[in-house]
1. Specify, per residue and in Å³, the volume enclosed by the convex hull of the alpha carbon atoms belonging to region 132-174.
2. Could you tally the net charge around N161, taking each other residue with its Cβ under 13 Å from the Cβ of N161, Lys/Arg +1 and Asp/Glu -1?
3. From zero up to wherever the largest Cα-Cα distance of region 43-140 sits, split into 10 Å bins and tell me the percent of pairs in each.
4. Output ³J(HN,Hα) for region 6-22: one whole-Hz value per residue in order, computed from phi by the Karplus curve 6.51 cos²θ - 1.76 cosθ + 1.60 with θ = phi - 60°, and x for Gly and Pro.
5. Given a cut-off of 15 Å, what percent of all Cα-Cα pairs of region 1-94 lie beyond it?
6. Between beta-carbons, use under 15 Å as the cut-off and find the net charge around S275, counting Lys and Arg +1, Asp and Glu -1.
7. Please list, in order along region 36-42, the HN-Hα scalar couplings obtained from phi with the Karplus expression 6.51 cos²θ - 1.76 cosθ + 1.60 (θ = phi - 60°), rounded to whole Hz, x for Gly and Pro.
8. Can you bin every Cα-Cα distance in region 258-319 into 10 Å intervals starting at zero and give me the percent of pairs per bin, rounded to whole numbers?
Amino acid sequence: MRKYIADYVKTCAECIRYKATNQKHAGLLQTPVPAQRFESIAIDLFGPLPETSEGMKWIFIVEDCTTKWVELFPLKQATAKECALTLLNEVFLRYGLPRRLISDNGSQFVSVIMQQLCYVLNINQSLIPVYHPQKNPVELKNRDLKPRLAMMVGNNHTLWNEKLPAIRFAMNTAKCETTGCTAAYLNFARELRTLDDVTTDLRSVIHNDNFVPEFTPYLKRFERNMSQIKENIEKSQDRRKAYADKSRKPSPNLKPDDLVWVKLHPLSKANQSKSAKLMPRKDGPYVILSQKSPTTFVIASCNKPDEPLGAYHVSALTPFQNVIQNQSPVVPLRRRGRPPKQPSVSNESPVENAKISKITPPRRDGLRRCRGRM
């Protein structure tokens, strides 16, 4: 009976759709291998912000995934055309064409213009899973940009575009915890002279990195530093993976053509008298079309398998189990306690099987009384 109840609950559609789960999220942390400089870049939009006198409302962020170099471009409109032109003129024609372009599923990045740009330039466009911003490395720069921008603008919120060059310089000359170096050093093989050096000028005196008379020893030292930087990146990735995997479990064995439940993110609608607390948490079943990475799957509706709905992280997917059929819910109850002992069957005679009791001697009180009368 208990096994039947457990199997029935696992396949109950209403329970899966509405009830919460306390299990660990699926999908262990994936540690990418560091590539060459500006071989893999990530992009994102920050805003909208108060309109400036030039009509700027958005910040277009571009980050090199290897060196952590950041570029900040103010935009008037967050359109696909503006993003594509900025990438082509300000990034690709300055640092070279990347091999991979990472972005979220925003309408600007999944548009036909962006797809054509990547196709013509032979760039692999990698879209992160839906509702999983952790896969985009530039999201950490968004977190750093917000407080820096707020402190710089103060009460003049319409002058934020004038502060972007100083913020970009500070982010590129700050020491990265992962690499152990600044983004400027990894790009230019030397540290940039900052405002602090103008006052003290200690760096040029002690290290003299910018005034090396012999070029060959300088390149050898930079090569040794790059090897140490790669080791620092690998150690940092191992620490992050060990910490992240504590709250996660291995991915289920999913493959194309499997059916899954998909996690929903409902929103309340006051005009329709709908509350997110009363809406289902999951929906399905959906079919898996392909697997893009060990933790990313492309799904589609069972009614329209030719129309992909997007890439989803494995933590948002739950294997779909068919409802139990041809199994009666009526199961005979098991009696508690030990079963009664059954009499053993033997070929021996009843006399031999009889239990021999202890023989007690007869009482002699009556015999003594008779002897006393004689």
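What follows draws every value from the coordinates through simple rules; no lab data is involved. On a predicted model such as this, the values are computed, not experimentally measured, just so you know. Don't worry about glycine lacking a Cβ; one is built from the backbone with ideal geometry, like all the others, and counts go over all protein chains shown.
1. Numbers: hull volume 3.5 nm³, N = 43.
Taking the convex hull of the Cα positions in region 132-174, it is 81 Å³ per residue.
2. On the way: positive: K57, K76, K163, R168; negative: E51, E54, E162.
Result for the local shell: +1.
3. 15, 51, 31, 4
4. After applying 6.51 cos²θ - 1.76 cosθ + 1.60, I find 4, 5, 5, 5, 4, 9, 6, 5, 5, 5, 5, 6, 10, 7, 7, 10, 9 Hz.
5. Numbers: 3217 of 4371 pairs.
Taking all Cα-Cα pairs of region 1-94, the fraction more than 15 Å apart is 74 percent.
6. Working: positive: K269, K274, K277, R281; negative: none.
Every neighbour counted, the sum reads +4.
7. Once rounded to whole Hz, the list reads 6, 5, 6, 8, 9, 10, 10.
8. 22, 44, 25, 9, 0
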